[in-house]
1. Pick from segment 153-195 the residues that are within 21 Å of Ala95 (Cα to Cα) and of a type in the set (Asp, Glu): which of them is modelled with the lowest pLDDT?
2. Of (1) touching a strand residue (DSSP E or B) at 6+ places or on another chain (Cβ under 8 Å); (2) part of a loop (DSSP other than H, G, I, E, B); (3) at pLDDT 95 or above, Arg53 satisfies all except one. Which?
3. Restricting attention to segment 154-175, report how many residues are part of a loop (DSSP other than H, G, I, E, B) and either farther than 12 Å from Asp186 by Cα or within 15 Å of the chain's Cα centre (by Cα) (or both).
4. Would it be correct to say that Asp83 is loosely packed, with under 13 Cβ neighbours inside 10 Å, in contact with a Pro (Cβ under 9 Å, 6 or more places away or on another chain) and within 28 Å of Ala141 (Cα to Cα)?
5. Looking at (1) over 17 Å from the mean Cα position of the chain (by Cα); (2) touching a residue at least 40 places away in the same chain (Cβ under 8 Å), find the lone condition where Ser84 falls short.
6. Output the number of residues of segment 1-38 satisfying the condition of being part of a loop (DSSP other than H, G, I, E, B) and either at pLDDT below 95 or closer than 21 Å to Pro120 by Cα (or both).
7. Looking at this structure, is Ala66 more than 14 Å from the chain's Cα centre (by Cα) and crowded, with 17+ Cβ neighbours inside 10 Å?
8. Residue check: is Ala107 surrounded by 15 or more Cβ atoms within 10 Å (Cβ to Cβ), assigned to a loop (DSSP other than H, G, I, E, B) and in contact (Cβ under 8 Å) with a residue 40 or more places away in the chain?
Amino acid sequence: MSAPSIRSATIRDATHLAALVDIAGEGFASYFWGQMAGPGQSPFEIGRMRARRDEGSFTWRNAVIAEADGDVAGALVGYRIADSTDPADIAEAPAIVRPMVELEAEAPGHWYVNVLAVFPEYRGKGIGGALLARADDIGRAVAPAGMAIIVASENEGAVRLYERCGYREVARRPIVGFPGYLREGDWVLLTRPHS
């Protein structure tokens with residue numbers, strides 16, 4: 001495999017983005033999108049439609065794609081967290097996402113790595129690290145407060161990766177489970193100042 005190439009996403013990447021977001025969330029996105037689906041719509045269709053939007057946090061405009069040997073291998077989705085959060089926004093968030101909204105509010109002005117995912121066949125080849133490096137480049141340019149990421153406490157491999165990259169735990173909230181989700185424990189907010 002050649003070295004991965006990293007590029008800005010386009011609207012044509014929506015299908016891959018929806019798949020990678022669902023992989024990163026271990027089915028969380030499918031469940032959430034399923035709650036939004038109307039009659040005859042699949043959760044994946046909702047995810048793809050959301051990825052095709054021009055605005056919002058999950059949009060192709062906030063995504064970066066990693067390619068390996070001409071194929072989409074992974075993606076990064078991120079954005080700058082607002083400098084302040086309206087408490088009403090937290091209170092109105094659906095129960096399963098409210099802990100993450102609360103944690104984001106604890107990292108005002110940080111660049112938030114919302115999704116970092118690599119398709120299984122491309123893991124262990126440095127693609128996640130390349131995407132995280134791109135996140136750092138973006139964050140330095142638009143979010144002087146530093147970097148932030150939220151990860152499940154049981155995802156020990158991811159926690160170790162981010163800690164090796166200088167991220168440290170700031171806060172945690174209990175995971176609100178949903179049917180089919182196997183993780184327990186907490187969502188953990190990790191932050192890192194720019195180096």
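1. Among those that are within 21 Å of Ala95 (Cα to Cα) and of a type in the set (Asp, Glu), it is Glu184.
2. (1)
3. 4
4. yes
5. For Ser84, the failing item is (2).
6. 10
7. Yes.
8. yes
The values are calculated or read from the model by the stated rules, or taken from the named source; none is laboratory data. As the structure is a prediction and not an experimental result, all values here were calculated from the model. Don't worry about glycine lacking a Cβ; one is built from the backbone with ideal geometry, like all the others, and counts go over all protein chains shown.
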